[in-house]
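The values are calculated or read from the model by the stated rules, or taken from the named source; none is laboratory data. Computed from a prediction, not measured in an experiment: that's the story for all the values here. We place every Cβ from the backbone using ideal geometry, glycine too, and count neighbours over all the protein chains shown.
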Amino acid sequence: MSNPRVTGAIRYAQDVEFEGMLHASILRSPYPHARILRVDASAVPDSVVVLTPDDIGDFGSYGCQIQDQTVLPRERVRFVGDPVVAVAAPTKREADEALNLIDVEYERLPGVFDAVEAVAEGAPLVHEHHAISENDAAYFGIRPQEGTNICHRFRIRHGDMEEGFKQADVVVEETYRTPGAQHAAMEPHASVARWQDGRLEIWTGTQTLFNLRMDLAGIFNIPESQIRIISPPMGGAFGAKTFVRTEAIAACLAQKAGRPVKVVLSRYEEWLTLNRHPATLQVKLGARADGTLVAKRVVCWVDTGAYADCGPGVAQKMGYAAVGPYRIPQVWVDSLCVYTNLPPNGAFRGYGAMQAVWASERTMDVLAAKLGMDPLELRLKNVLVDGDQFCTGEIMHDVHFIECLHAAAGTIGWADNKQGKGLCVLMKGMQTPSRASIVVEANDDGGYTVHCATAEMGQGAWYSIRLMAAELLGVELEKVHYAEPDTDLAPYDTRTTSSRSTYMMGRALVEAVRDLKRKGELGYGECVNKGGLDPDTGQGIASTHWHQGAAAAEVRVDEETGKFQVLKLYTSIYAGHVVNRPGAELQNEGSMIMGLGTTLFEEIAFEDGQPANANLSDYNLPAAGDLPESFTSDLFEREGAEVHGLGETALPPVPPAIGNALYSLGIHVTDLPLSAEKVLNAIDSRQQAKGGRT
Amino acid sequence: MKIHFKVNGTPTEVEAQADEMLLEVLRRELDLRSVRATCGIGICGACTALVDGEPISTCIFLAPLAEGCEITTVEGLSGDHPVQRAFEEEHAFQCGYCTPGMILTARSFLEENPAPSDEEIKVALGGNLCRCGCYVKIIRAVKKAARG
């Protein structure tokens with residue numbers, strides 16, 4: 001038996017050890033918004049290295065899309081958990097004890113904790129200015145609105161929305177809310193930094209080696225070539241292990257200490273490091289009496305917390321995902337990425353699609369009810385097919401929504417009875433533009449080594465790339481070795497996100513193997529996908545490659561208590577060509593289970609900016625017992641088809657499928673999660689609408 | 001203080017603080033890295049070790065309480081234990097972080113209940129969380145291990 005995951009032999013970033021290494025702890029702000037008046041660390045013993053805001057004067061600011069962050073905040077803290085002082089000591093215990101000896105004096109400032117309130121006139125400003133980052137993660141036109149909390153405004157202007165609504169026989173309008181959520185990867189964020197002859201080396205679980213290296217180069221004002229990032233396998237990531245997280249603090253402490261420093265976050269600190277964007281979406285949708293969609297208007301308020309991180313990108317993706325995979329001639333979208341005094345929000349499996357699909361697909365069923373139409377028929381009538389134009393202007397190809405929808409409907413016996421049943425269709429973009437490159441090296445022993453920056457977080461990417469390489473090279477799998485991603489050895493890759501790696505790196509690999517066969521020793525290949533959207537009109541290429549699927553759910557509701565059971569959950573995902581069947585199933589099932597948590601109970605509670613359930617007792621994750629009685633999925637393949645990424649496709653359609661199943665019983669809940677309390681309130685509203693409940 | 005216990009069959013003496021948890025001691029003193037911190041409050045099962053055969057959350061188990069006990073971690077299984085073999089054959093993991101805890105819990109459970117139903121497996125694994133969401137295949141692996 002050799003699999004290191006089964007024998008326990010696998011080593012994560014938290015397991016990296018060096019002689020003389022120190023352990024870090026971080027003193028964090030107890031206030032959501034405050035001025036730092038004084039930091040007194042004089043009582044800390046000399047054996048402990050202390051990093052205060054005074055130490056970071058020479059360091060550059062950073063941020064993958066907006067340059068709004070410094071290693072420690074210089075004057076103001078902006079959320080509960082903002083790091084103020086970092087220490088490093090020979091043991092973690094000594095580091096923790098040193099934190100108790102540090103005195104920080106604050107002057108509290110008014111805060112804002114809701115994105116809709118944060119855009120209102122007179123709201124406290126979280127940042128005075130919005131500087132667009134030079135990191136290549138700022139890959140699109142970012143439109144900060146100076147003097148406001150809006151760090152990016154993405155718009156779609158397709159046709160004439162006002163004119164469209166005039167043609168509508170039926171119009172529905174609704175507002176939806178989705179809360180913050182925690183990625184809760186089982187392995188916390190961990191990194192080890194050391195300086196060797198002026199070069200910075202960092203071992204860290206990261207999905208974004210090159211973006212991280214760019215930001216660190218800016219912070220320390222050294223060339224990127226002076227920084228080496230190595231990413232060991234991660235114990236889950238789900239978007240949380242992206243861009244700068246613990247690495248800058250580890251590197252600053254290591255520089256000051258002259259020794260390697262390890263940072264491993266506590267579980268509580270995970271909630272203070274990166275979460276999923278809470279969002280409010282207002283959707284207005286119009287159709288002709290026959291169900292033909294004519295106009296759609298969407299406003300998204302996307303709460304990015306105290307620092308933008310990749311929030312602008314999330315808001316953009318949420319903006320076009322909220323239109324849905326439909327032919328709609330007149331579309332108007334404003335998606336606002338908004339600062340608040342909450343912990344930063346960033347990439348989370350689905351990247352804005354979950355929030356968008358919840359609002360969009362719930363609205364489809366509300367419209368169907370008002371039209372008196374079957375929700376499946378309404379979707380089939382309007383859903384995009386090959387050759388259709390999306391609201392971005394791009395022409396769709398390789399489109400499979402109809403077969404996914406039919407499979408979903410068939411699984412829950414939609415044709416026989418629609419009570420307690422719900423459907424959802426989903427379209428999700430892939431990172432566009434982006435670039436993947438890879439090197440394949442022939443070894444003396446007849447084997448091959450693959451060098452690329454695709455990170456392993458449990459999705460099985462290393463295995464899939466090895467499988468593809470072995471097939472292309474015509475050798476046994478055992479002959480192909482995958483080198484741990486290392487920026488000193490691997491060529492550039494945009495990042496391991498958006499379900500792009502098997503597709504993009506797989507295509508680069510084909511080129512690399514072709515090159516190797518020509519040259520004999522070393523082969524290089526790359527894959528570039530071009531495109532992008534105009535941020536002011538939303539026109540262009542949103543995605544060169546679409547992730548597509550559908551979901552179906554069946555529920556049973558206890559009308560007295562509002563509790564309900566998901567009896568059946570199913571997703572149909574278009575996979576094109578599956579490289580690793582068990583791995584693909586695991587990704588799909590894992591997405592569905594995470595979607596189930598989002599639907600039923602996951603929600604970060606804040607009280608005046610203080611996280612109120614930041615532990616795994618008060619914040620529940622799905623366990624084995626939460627699996628529905630019937631829990632199945634299909635991955636559709638086509639002869640000769642391209643690989644379609646599927647690392648997250650099955651998450652976003654789960655909440656609306658279940659929400660629509662409740663709606664089929666007249667239970668209309670607009671806000672996630674679908675708690676018994678909300679369901680009961682919706683039952684009461686239904687009774688009142690029917691003429692009062694006894 | 002010194003603590004004496006048997007780890008994976010070997011009598012061992014370790015140095016620990018009186019208020020330290022077993023998790024820290026196993027990782028630091030004995031380099032047993034399959035025992036992993038996640039929740040810190042005994043909810044998730046990633047830090048599971050068998051203490052006298054019982055699955056225990058070592059993140060909330062004071063190290064001195066292990067004095068004289070027999071401790072088993074995944075490093076102490078052969079690598080070819082039927083539960084390990086079943087997990088590998090059924091692909092019952094993704095990131096692998098929770099896997100050792102799952103395997104130990106399943107091993108202990110199968111000794112009590114050698115022919116469990118799906119429902120019984122779900123209950124038995126209730127204290128072992130997998131954020132990757134591999135439960136379908138984990139349940140299948142436990143059933144396979146039960147069949148031998």
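Observations on the model:
- Test result for A:Thr432, surrounded by fewer than 23 Cβ atoms within 10 Å (Cβ to Cβ) and farther than 30 Å from A:Ala322 by Cα: no
- Selection from the stretch A:200-209 of residues that are assigned to a strand (DSSP E or B) and touching a residue at least 40 places away in the same chain (Cβ under 8 Å): A:Leu200, A:Ile202, A:Trp203, A:Thr204
- Residue ID - surrounded by the most Cβ atoms within 10 Å (Cβ to Cβ), chosen from residues in the stretch B:39-62 that are out of contact with any Cys (no Cβ under 8 Å at 6 or more places or on another chain) and not in a strand (DSSP E or B): B:Ile43
Residues are listed down the side, and each one gets a yes or a no for (1) within 30 Å of B:Met1 (Cβ to Cβ); (2) within 10 Å of another protein chain (Cβ to nearest Cβ); (3) of a type in the set (Lys, Arg):
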residue	(1), (2), (3)
B:Ala46	yes, yes, no
B:Glu54	yes, no, no
B:Ser57	yes, no, no
B:Arg107	no, no, yes
B:Ser117	no, no, no
B:Ile121	no, yes, no
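- One residue stands out in the stretch A:447-479 among those that are more than 14 Å from chain B (Cβ to nearest Cβ) and within 18 Å of A:Pro232 (Cα to Cα): the one that is nearest to the chain's Cα centre (by Cα), namely A:Thr454.
- Hits in the stretch B:2-44 (condition: charged (D, E, K, R), within 13 Å of another protein chain (Cβ to nearest Cβ) and closer than 20 Å to B:Glu67 by Cα): B:Glu15, B:Asp19, B:Glu20, B:Glu24, B:Arg27, B:Arg28, B:Glu29, B:Asp31
- Hits in the stretch A:399-423 - residues which are among the acidic types (Asp, Glu) and either at pLDDT below 95 or buried (at least 16 other Cβ atoms within 10 Å of the Cβ) (or both): A:Glu403
- Residue in the stretch A:550-564 that is out of contact with any Leu (no Cβ under 6 Å at 6 or more places or on another chain), surrounded by fewer than 23 Cβ atoms within 10 Å (Cβ to Cβ), without any contact (Cβ under 8 Å) to a residue 40 or more places away in the chain and not hydrophobic (A, V, I, L, M, F, W, C) present: yes
- Inter-residue pairs, beta-carbon under 8 Å, first within 7 Å of chain B (Cβ to nearest Cβ) and in the stretch A:583-596, second aromatic (Phe, Trp, Tyr) and in a helix (DSSP H, G or I), 6+ apart: A:Glu589/B:Tyr135; A:Ile593/B:Tyr135
- Close pairs (8 angstrom Cβ cut-off, 6 or more residues apart or separate chains): on the phi > 0 side of the Ramachandran plot in the stretch A:5-27, charged (D, E, K, R) anywhere: A:Gly8/B:Arg33; A:Gly8/B:Glu75; A:Gly20/A:Arg259
- A Cβ distance below 8 Å, combined with a sequence gap of six or more or placement on separate chains, defines the contacts here; from the stretch A:619-633, residues that are under 15 Å from B:Cys44 (Cα atoms) reach residues that are surrounded by fewer than 19 Cβ atoms within 10 Å (Cβ to Cβ) in the pairs A:Tyr619/A:Asn613; A:Asn620/A:Phe601; A:Ala623/B:Gly126; A:Ala624/B:Gly126; A:Gly625/B:Val123; A:Gly625/B:Gly126.
- Residue match in the stretch A:269-288 (condition: outside any strand (DSSP E or B), under 30 Å from A:Asn3 (Cα atoms) and in contact (Cβ under 8 Å) with a residue 24 or more places away in the chain): yes
- Looking across the stretch B:1-38, the residues that are surrounded by 18 or more Cβ atoms within 10 Å (Cβ to Cβ) and in contact (Cβ under 8 Å) with a residue 60 or more places away in the chain come down to B:Ile3, B:Phe5, B:Val7, B:Ser34, B:Val35, B:Arg36, B:Thr38.
- Candidate set from the stretch A:1-30 (those that are of a type in the set (Gly, Ala, Ser) and within 12 Å of chain B (Cβ to nearest Cβ)); member that is surrounded by the most Cβ atoms within 10 Å (Cβ to Cβ): A:Ala13
- Count - residues of the stretch A:210-230 that are of a type in the set (A, V, I, L, M) and part of a helix (DSSP H, G or I): 5
- Scope the stretch B:65-102; condition touching a residue at least 12 places away in the same chain (Cβ under 8 Å), surrounded by fewer than 24 Cβ atoms within 10 Å (Cβ to Cβ), within 7 Å of chain A (Cβ to nearest Cβ) and not in a loop (DSSP other than H, G, I, E, B); matching residues: B:Glu75, B:Arg85
- Filtered residue count, the stretch A:422-452, keeping only those that are over 23 Å from A:Ala575 (Cβ atoms) and of a type outside the set (Gly, Ala, Ser): 11
- In the stretch B:98-108 there is at least one residue matching the filter, namely being more than 24 Å from A:Gly236 (Cβ to Cβ) and not charged (D, E, K, R).
- Complete set of residues in the stretch A:97-106 that are part of a loop (DSSP other than H, G, I, E, B) and touching an Asp or Glu at 6+ places or on another chain (Cβ under 8 Å): A:Ile102
- A:Glu94 meets each of the listed conditions (1) closer than 27 Å to A:Asp486 by Cα; (2) within 14 Å of chain B (Cβ to nearest Cβ); (3) not in a loop (DSSP other than H, G, I, E, B) apart from (1).
- Some residue of the stretch A:521-539 being in contact with a Ser or Thr (Cβ under 6 Å, 6 or more places away or on another chain), outside any helix (DSSP H, G or I), of a type in the set (D, E, K, R) and surrounded by fewer than 24 Cβ atoms within 10 Å (Cβ to Cβ): yes
- Among all residues of the stretch A:223-239, there is at least one that is among the hydrophobic types (A, V, I, L, M, F, W, C), surrounded by 24 or more Cβ atoms within 10 Å (Cβ to Cβ), more than 14 Å from chain B (Cβ to nearest Cβ) and touching a Ser or Thr at 6+ places or on another chain (Cβ under 6 Å).
- Considering residues of the stretch B:125-148 that are of a type in the set (Gly, Ala, Ser) and surrounded by 21 or more Cβ atoms within 10 Å (Cβ to Cβ) only, the residue farthest from A:Arg349 (Cα to Cα): B:Ala145
- Some residue of the stretch A:41-50 being on the phi < 0 side of the Ramachandran plot, surrounded by 15 or more Cβ atoms within 10 Å (Cβ to Cβ) and within 14 Å of chain B (Cβ to nearest Cβ): no
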